[in-house]
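Rule-based calculations on the coordinates, nothing more; no lab input. Here the structure is a predicted model, which is why all the values come from computation and not from measurement. Glycine gets a Cβ as well: all are built from the backbone with ideal geometry, and neighbour counts include every protein chain shown.
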Amino acid sequence: MAHIVFLRASAADLTAGKPPLRGVPASAPLSAAAAAIPASQEADVAVWRDGASPLAPAAATVIGLLSSFDVVAFLASHVGGTAAALRTPAGDVVAHQPALVREVEPHTRLIEIVELMKQGARRVLVRKNITEACTVDKKPFAPFYKAELKITGTPRAAAAAGKQTVNRSSSSPPATFGCDRYCCLTREDIVRFLINCLGALAPTPLQSISSLGAVNRGYAHVEASSPAIEVSWTVPAEPRAVAVVQTNRDGTHKVLADVSAHRLWRRDYVAAADAMASLSSLNFAAGVEAHGMSEAAGVAAPLSRRLSSSRVGFEDSLVEQMMMASHGGNAALRCRSTSSLAAVMAQMLSYRTTHIWVTHGEDDVLVGVVGYMEIFNAVTRDVVAPPA
């Protein structure tokens with residue numbers, strides 16, 4: 001019955017209450033983009049061409065998506081200092097990847113949206129009707145819509161969003177492009193919709209991720225003792241996450257922590273950049289996880305005060321990380337290779353993350369990672385997209 005879900009559901013079934021695409025023009029300083037990221041949907045904001053006509057297709061005006069990881073890596077490697085780096089135009093920092101944002105009509109079927117995301121799209125803009133806001137008509141899809149199962153994120157994530165204190169006094173607030181004409185769908189929105197349709201997708205969600213071939217064994221990793229700046233050289237396009245590992249005698253890996261855009265989402269990017277430039281990968285990841293780097297502290301506060309306090313925090317968190325490692329703990333979100341696809345989807349939504357590391361055996365050997373691509377490939381493997 002999975003094909004019914006993907007062929008009968010349309011973009012309009014997923015757009016209730018969805019926001020417009022938010023971001024900054026290419027000429028905006030990096031500080032403005034950084035200030036907009038904590039309130040974004042998936043730890044990044046769009047950067048669009050200057051002077052783009054409001055009547056132009058929104059997706060065609062986007063240069064790329066700038067993530068928290070991109071900001072921290074740029075600040076850490078900039079030779080001119082943090083202040084100069086924050087004045088750099090956002091268009092000079094973001095990777096030019098316009099295909100990350102695509103545009104569809106409200107009647108576009110779910111399978112077509114998922115195919116766009118499998119091709120690399122991270123945002124799908126749904127055109128609104130001229131006289132209507134983004135609403136959802138559940139009647140055509142009523143047999144498969146299970147409203148009783150709602151996963152809205154952990155209390156910690158909700159609290160973090162509520163405590164958002166980014167100081168935007170020195171930069172413009174995030175803008176919206178074509179906000180009266182488009183709603184914006186993310187990959188998380190699609191997974192959240194699918195987990196409410198588990199019955200219709202059966203038996204696939206109940207099968208293990210290994211049996212479905214949903215484990216990406218080409219994961220990116222760095223040694224715990226390596227300089228943290230190496231993380232910025234290693235991060236792949238999808239998922240944008242790097243495992244911090246300890247290599248066992250037999251050459252296998254044990255994941256100790258990880259670094260990703262979602263880990264850095266609501267952090268102090270200046271403090272994180274200073275730490276990335278000077279600490280080891282494990283120390284840096286420990287600081288992100290344990291100390292939090294003055295969560296959402298903003299980029300406009302005095303640099304000297306932030307950098308001195310962040311260094312103390314990172315050094316303190318190293319002790320915590322060593323204690324955690326000695327007791328067999330692990331900061332990275334993990335699942336077993338025998339975990340069901342439904343369990344992994346629920347875990348990703350609960351923690352609002354883009355990936356889960358996969359381990360195997362009693363020694364928790366790292367064997368791969370599951371991200372959005374793996375989930376989409378698994379749930380659509382028996383679904384044939386209709387001809388265009």
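Per 10 Å bin from zero, what fraction in whole % of the C-alpha pairs of region 348-388 is there, up to the bin with the longest pair?
Going out from 0 Å in 10 Å bins, region 348-388 shows 23, 37, 28, 9, 2 percent.
If Lys and Arg each add +1 and Asp and Glu each add -1, what is the summed charge of the other residues whose beta carbon sits under 12 Å from the beta carbon of Gln347?
+3
Convert each backbone phi in region 198-209 into a coupling constant with the Karplus relation 6.51 cos²θ - 1.76 cosθ + 1.60 (shift: θ = phi - 60°), then list the ³J(HN,Hα) values in order as whole Hz, x for Gly and Pro.
Coupling constants for region 198-209: 4, x, 6, 8, 4, x, 3, x, 8, 7, 6, 5 Hz.
How do 42-49, 26-33 rank on mean C-beta neighbours within 10 Å, highest first?
Most protected by this proxy first, the peptides run 42-49, 26-33.
Just to be sure I understand the curve: with the Debye formula and one point per C-alpha of region 209-277, what is log10 I(q)/I(0) at q = 0.11, 0.16, 0.28 Å⁻¹?
-0.31, -0.63, -1.35
Give the span of region 1-73's Cα atoms along each principal axis, as three whole-Å numbers ordered largest to smallest.
So the extents along the principal axes, rounded to whole Å, are 48, 30, 20.
Whose amide H sits under 5 Å from the amide H of Trp48, counting only residues 5 or more places off or on another chain, with H placed in the peptide plane?
Those lying under 5 Å, H to H, from Trp48 are Val24, Ala26, Ile63.
Would you tally the net charge around Val235, using a Cβ to Cβ cut-off of less than 11 Å, leaving Val235 out, and scoring K and R as +1, D and E as -1?
-3
Quick one: Kirkwood hydrodynamic radius for region 55-115, alpha-carbon pairs, angstrom, one decimal?
Computed over Cα pairs of region 55-115, the Kirkwood hydrodynamic radius comes out at 13.9 Å.
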